[in-house]
Amino acid sequence: MGPVELLHMSVFSQSFSPCGRFLAAGNNYGEIALFSLSAALSPDSTVLSQKPVLTFTAHEGPIFSLLSTDCHLLSAGNGEISAWSWTELIKKNVKPLWTKRPNYKSSLEIPEINSMVINAKDNSLVVGGGDNNIHILDLEHGVFKSVLQGHSDYIHCVSVREREAEILSGGEDGAVRIWDSRTGQSVHCIEVYKYESCARPQYGKWISCVTTDSDWMLCGGGPSMSLWHLRSLSPTSIFPLTGCQRQATFYQDMILAVGEGPFVSHCLLGGEVKAEIPCTPQSLNTMQLNTNSTEHRVLTVGGSSNHIDVFTNLSYRAFSLSF
Amino acid sequence: MSSESLKKRKTKVLRSEGGTPEMKRGRGDGDQQDVQVYSEEMELDGRDPEQDYLQYKESCENLVTLMNEIQELKASGAKDGCAEIEQRRMQSCIHFMNLKKLNRLAHMRLKRGRDQTHEAKQKVDVLHLQLQNLLYEVMHLQKEISKCLEFKSKHEEIDLVSEEEFYQGAPSEISRPMLTKNDPHQLTLARLDWELEQRKRLAEKYKESLATKEKIQKSIEVKKEHLRSLQPGLNNIMQASLPVQEYLSMPFEQTQKQTEIARHLPPPLYVLFVQANAYGQACDKNLNVSIIGDVDEAKALSKPPEDSQDDESDSDAEEEQEKTKRRRPTTGGQLDDKRREMLKRHPLSLCLDLKCKDSSILNLYFYYLMNLNIMTVKSKVSTSTDLNTAISAGELLKSETLLSCLYTNDQGRETPNPANRYQFDKVGIVSFADYVEELGHPYMWVQDLGGLHFPTDVSECVRVGSSLSASHMETTMKLLRGRVQSRLALHKQFASLEHSIIPVSSECQHLFPAKIITRLARWTTITYQEYTDLSYTQHVTSAGLAKETDLYFMGVVERGTARLQAAVVLSPRYPEISPLFSLSLSWKGERSGRTDDNLRAMESEVNVFKNELQGPRPGHQLLTNQFARLCVCLDVYLETEGHDDSVEGPREFPREKMCLRTVRGPNRLKPFKYNHPQGFFSHR
């Protein structure tokens, strides 16, 4: 990888290993890099320990989504999903366990996969991407069992409400759709850009992040990031963040969000922005909290740079991992 | 006077000595004085000192008893002057007289003893002197004897024939065996006679030989004259044959002359000369090597090579001393001279002419700095056509930048010889870079071509001399030729870029759609400083991809109200290292590749996916193709920009390009990839 390629690298996705000691990150060149958190966080860490322990090319196109199950790492490339065994990866054996491709209608361009999420209830993988449809992969049998159709443009993000057995998806068409995972029917459709308090016509209408917590939903993108009460389907608080948000998550009594701009935003549920913590990349694509291991409990963010910033404490950047 | 005084004193002493006895005698004996003195002397001979001593003791004891008796008497109450006391006093007086006499005698005895010793000593002295004289005489005689014994006759040095040979060779009137057989002296004389006879004969022979030698020399002279008279004739023939040589393209004479001159080249230049010649003959007919400079000066320099070396070091040492002696005065002039001396070039230099396909010629001038032991190069490009059209291309063919970084990081600004550092310190040169303008650049590859090897921290296989030069010759020549061609190609491209034309060759037509609306508006050079001051190039600078040796340009492409600035880093090793673009778009506010993901994608489209744009090998069209792609990308960017429905009126940039999807992926990238021949745009 030459210096020019490094200069134009973007990190799109991250996932922690089930043991919590490793971080996998995918970039725009289709590469996955494995970082050892235990080495980077140890007191005697060097510059070398902030470099990946393993880098391999997983897919042809950019890797927009990475996901870890109990023992597998799932990576989504250009229209295909590959599974890798974590134990093998740690031993530096690079061989996919399987590679699957959703049944796309024939198209000139292979649709990308933007988001994946595990539905633990029936052990299935919810995949949203460039063909406007949500594909559901049965992980037990390894077949795509259903397709949820409804969006009129490509899907940015998917999320699962486990208690209610509902799937949420946000797309380029500006709609957040709520699906019943058992029937495969669209239950609700919230067109966020139509709510005046959220709309930001100068940006656009797409929804690029959706996440839920019990009765609450957080979504953002072209419209302002907003917190919704799902039972009443109404926005309760709007966050005055500049730029478009690409990922948001609930953390304790706070909301963390990343997107355009070189900072991680800390917001209170009430709608105030508490802090904006600066980081290295000029715009951020991905943010992950390592909950798998208590001793390596860190927040990592990646974006338009070959660096992945690591926060051991949420209020400042500790160091950067780099490709 | 002194003797007189001595006498006086003697008399005095005599008088004082004899003073008291005279007076007493005068009182006691009256007229019998003379007889008394004589008798006392005589009496001395007759007396025994031992007895005198006993007498002296006895009188002392008597005195003591008498004194005691007087004291007893006095203590018992006897009056002074009573008869007993008086009688005792008389007795004691007699004893006193006796003591005095004894004393006198003792003195006289002492004097006599002294006199006797003195006499004996004088006698001994005389005898000793005599002995000395005799010893000296003996020594002298011994010396004479040894001198005589050591005498050497002259004939001993003469190497004589042995006795047997003498009797065999010598006629009997000289050898006279009757006489000589028994008398060694006569024998030696005879042998000497024979020796003389023989020598006389040999001298005769020597004279004869000299005469013949003279004769032969004369004949040689005559023959030489004859040969010399042949030279002009031969020269004429040579002259006449030159056109034939040229006609047959066999420049014997020229090469001969060059090799003659080449003998005076310093070793590194000689290595380069030989290797370049060899390479030229073997692989590259378009390589021409010639020697330029003052041959006579070089001859003078090469004659006493060791001497000059010594002088050098001597003068250095002197300089050192001078420096330490007086630090302050007249440093300026002296140091200047010293610097000049240190940076002196060898009077001969090599000129390498490298012809390229398009009849442009790269002239390389190699110099050797004698005191620094490094080689430098200056370059010049001469072309068949006039090239002074493009302003921005000025830097391209300049001697300073033309050969910069031919190999990675070889900037040719600092001297590659680590030893020079110390030499510079001595004369106060801060950096060699201040002198490259005048002396030429000491690139590493130049040293390699000259067979000079300076070890660096990177361990590598060490080769020196010809093999080092030979191993680098081919690659370097290829690189040089490639460099000139790329520079000339760039020159042409710059000329058209300045006229806002992006030339796209027919081989590269398929890379771009037929209709490109975005146009190049401006193409100028900028300085390194200006480049680093731009806000949207910070990431390039901090990644260490913008070096001072690079060339910097600013291109502006425009479409309607949108204006895209592209700051370009052009490496001297172009096209091997591709130009690096950084973008800033001013349209509805300012955006740059740092803040806008799509502009960032456009940057990577030209910077990262450059391999598609290289065109026919060796990729000289890369820069213009990058610009063409940039224009296409801007078209796509503007046409696919989301239209805000709330704003009235027609779109400024109507959708003309065929796109499968306008946005894709989480960061909503636009389709910048052009697909030939279908003619649609898709995502990477």
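Answer yes or no as to whether B:Val606 is within 14 Å of another protein chain (Cβ to nearest Cβ) and either more than 26 Å from A:Cys244 (Cα to Cα) or among the charged types (D, E, K, R) (or both). Give the steps one after another, and end with the answer.
Details: within 14 Å of another protein chain (Cβ to nearest Cβ): yes; either more than 26 Å from A:Cys244 (Cα to Cα) or among the charged types (D, E, K, R) (or both): yes.
For B:Val606, the condition - within 14 Å of another protein chain (Cβ to nearest Cβ) and either more than 26 Å from A:Cys244 (Cα to Cα) or among the charged types (D, E, K, R) (or both) - is met.
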Being assigned to a helix (DSSP H, G or I), among the polar types (S, T, N, Q) and open to solvent by 100 Å² or more (accessible area, probe 1.4 Å), is that true of even one residue in region B:166-183? yes
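Return the residue satisfying two criteria in turn: it lies in region B:588-603 and is out of contact with any Cys (no Cβ under 7 Å at 6 or more places or on another chain) and open to solvent by less than 10 Å² (accessible area, probe 1.4 Å), and of such residues it is farthest from the other protein chains (Cβ to nearest Cβ). Step through it out loud before you land on a result.
Residues of region B:588-603 that are out of contact with any Cys (no Cβ under 7 Å at 6 or more places or on another chain), as a first pass: B:588-601, B:603.
Within this subset, residues satisfying the condition of being open to solvent by less than 10 Å² (accessible area, probe 1.4 Å) are B:593, B:599, B:603.
Details: B:Gly593: 9, B:Leu599: 11, B:Glu603: 6 Å.
The qualifying residue farthest from the other protein chains (Cβ to nearest Cβ) is B:Leu599.
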(1) out of contact with any Lys or Arg (no Cβ under 7 Å at 6 or more places or on another chain); (2) away from chain A (no Cβ under 14 Å) all hold for B:Arg661 apart from (2)
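Return yes or no: is A:Lys105 of a type in the set (Lys, Arg) and away from every other protein chain (no Cβ under 14 Å)? Can you show your working first?
Working: of a type in the set (Lys, Arg): yes; away from every other protein chain (no Cβ under 14 Å): no.
When the stated conditions are applied, A:Lys105 does not pass them.
Residue under question is A:Thr55, and the condition is that it be under 23 Å from A:Asp309 (Cα atoms), over 19 Å from the mean Cα position of the chain (by Cα) and of a type in the set (Val, Ile, Thr); does it hold? So that I can check it myself, show each step before the final result.
Working: under 23 Å from A:Asp309 (Cα atoms): yes; over 19 Å from the mean Cα position of the chain (by Cα): yes; of a type in the set (Val, Ile, Thr): yes.
So A:Thr55 fits the description; yes.
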Can you tell me which residue is nearest to the other protein chains (Cβ to nearest Cβ) among those in region A:127-143 that are out of contact with any Ser or Thr (no Cβ under 8 Å at 6 or more places or on another chain) and under 19 Å from B:His683 (Cβ atoms)? A:Gly130
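Sort through A:Ile134, A:Ile178 and tell me the only one that's β-branched (Val, Ile, Thr) and under 23 Å from A:Ile63 (Cα atoms).
Details: A:Ile178 fails: under 23 Å from A:Ile63 (Cα atoms).
None of the others qualify; the one that does is A:Ile134.
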Condition first: open to solvent by 20 Å² or more (accessible area, probe 1.4 Å), away from chain B (no Cβ under 14 Å), hydroxyl-bearing (Ser, Thr, Tyr) and within 27 Å of A:Gly129 (Cβ to Cβ). Can you find one or more residues in region A:74-83 that meet it? no
Residue match in region B:646-657 (condition: buried (at least 19 other Cβ atoms within 10 Å of the Cβ), touching a residue at least 12 places away in the same chain (Cβ under 8 Å) and touching a Ser or Thr at 6+ places or on another chain (Cβ under 6 Å)): no
Among all residue pairs at least 6 apart or on different chains, which show Cβ distances below 7 Å where the first residue, located in region A:24-44, is farther than 17 Å from A:His307 by Cβ and in contact (Cβ under 8 Å) with a residue 24 or more places away in the chain and the second is open to solvent by 10 Å² or more (accessible area, probe 1.4 Å) and among the β-branched types (Val, Ile, Thr)? A:Gly30/A:Thr57
Selection within region A:1-40 - open to solvent by 30 Å² or more (accessible area, probe 1.4 Å), in contact with a Ser or Thr (Cβ under 7 Å, 6 or more places away or on another chain) and more than 14 Å from chain B (Cβ to nearest Cβ): A:Pro18, A:Cys19, A:Arg21, A:Ala39
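Count, please, the residues in region A:196-224 that happen to be more than 11 Å from every other protein chain (Cβ to nearest Cβ) and open to solvent by less than 20 Å² (accessible area, probe 1.4 Å).
Within region A:196-224, residues that are more than 11 Å from every other protein chain (Cβ to nearest Cβ) and open to solvent by less than 20 Å² (accessible area, probe 1.4 Å) number 9.
Could you please give the count of residues in region A:156-187 that are part of a strand (DSSP E or B) and within 22 Å of A:Pro111 (Cβ to Cβ)?
Of region A:156-187, the ones part of a strand (DSSP E or B) are A:156-161, A:166-171, A:175-180, A:185-187.
Okay, now just the ones that are also within 22 Å of A:Pro111 (Cβ to Cβ), so A:156-160, A:167-171, A:175-177, A:179, A:186.
Within region A:156-187, residues that are part of a strand (DSSP E or B) and within 22 Å of A:Pro111 (Cβ to Cβ) number 15.
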Which of the following residues is touching a residue at least 40 places away in the same chain (Cβ under 8 Å) and of a type outside the set (Gly, Ala, Ser): B:Arg591, B:Arg617, B:Arg629? B:Arg629
If we ask which residues in region A:305-317 are open to solvent by 10 Å² or more (accessible area, probe 1.4 Å) and in contact (Cβ under 8 Å) with a residue 12 or more places away in the chain, their number turns out to be 8
Cβ-Cβ below 7 Å, separation at least six or inter-chain, first residue in region B:92-108 and in contact (Cβ under 8 Å) with a residue 40 or more places away in the chain, second of a type in the set (A, V, I, L, M, F, W, C) and surrounded by 14 or more Cβ atoms within 10 Å (Cβ to Cβ): which pairs? B:Leu105/B:Leu44; B:Met108/B:Leu44
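Please state which one of A:Ser146, A:Ser124, A:Ser115 is away from chain B (no Cβ under 14 Å), open to solvent by 10 Å² or more (accessible area, probe 1.4 Å) and among the hydroxyl-bearing types (Ser, Thr, Tyr). Lay out the reasoning, then the answer.
Numbers: A:Ser124 fails: open to solvent by 10 Å² or more (accessible area, probe 1.4 Å); A:Ser115 fails: away from chain B (no Cβ under 14 Å).
Selected residue: A:Ser146, the only one of A:Ser146, A:Ser124, A:Ser115 that is away from chain B (no Cβ under 14 Å), open to solvent by 10 Å² or more (accessible area, probe 1.4 Å) and among the hydroxyl-bearing types (Ser, Thr, Tyr).
Residue-by-condition table, conditions (1) of a type in the set (Lys, Arg); (2) at pLDDT 80 or above; (3) touching an Asp or Glu at 6+ places or on another chain (Cβ under 8 Å):
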residue: B:Ile291; (1), (2), (3): no, yes, no
residue: B:Gln309; (1), (2), (3): no, no, no
residue: B:Glu322; (1), (2), (3): no, no, no
residue: B:Arg328; (1), (2), (3): yes, no, no
residue: B:Gly332; (1), (2), (3): no, no, no
residue: B:Lys344; (1), (2), (3): yes, yes, no
residue: B:Asp358; (1), (2), (3): no, no, no
Exactly one condition in (1) within 14 Å of chain A (Cβ to nearest Cβ); (2) aliphatic (A, V, I, L, M); (3) in contact (Cβ under 8 Å) with a residue 24 or more places away in the chain is not met by B:Leu623; state its number. (1)
Can you report the number of residues in region A:41-60 which are away from every other protein chain (no Cβ under 13 Å), surrounded by fewer than 16 Cβ atoms within 10 Å (Cβ to Cβ) and at pLDDT below 90? 7
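The values are calculated or read from the model by the stated rules, or taken from the named source; none is laboratory data. Owing to the predicted nature of the structure, the values given are computational and were not obtained by experimental measurement. When we count neighbours, we look across all protein chains shown, and the Cβ atoms used for this are built from the backbone with ideal geometry, even at glycine. Calculation scope for accessible area: heavy atoms of the full protein, side chains included, ligands and nucleic acids excluded. Shrake-Rupley method; radii C 1.70, N 1.55, O 1.52, S 1.80 Å.
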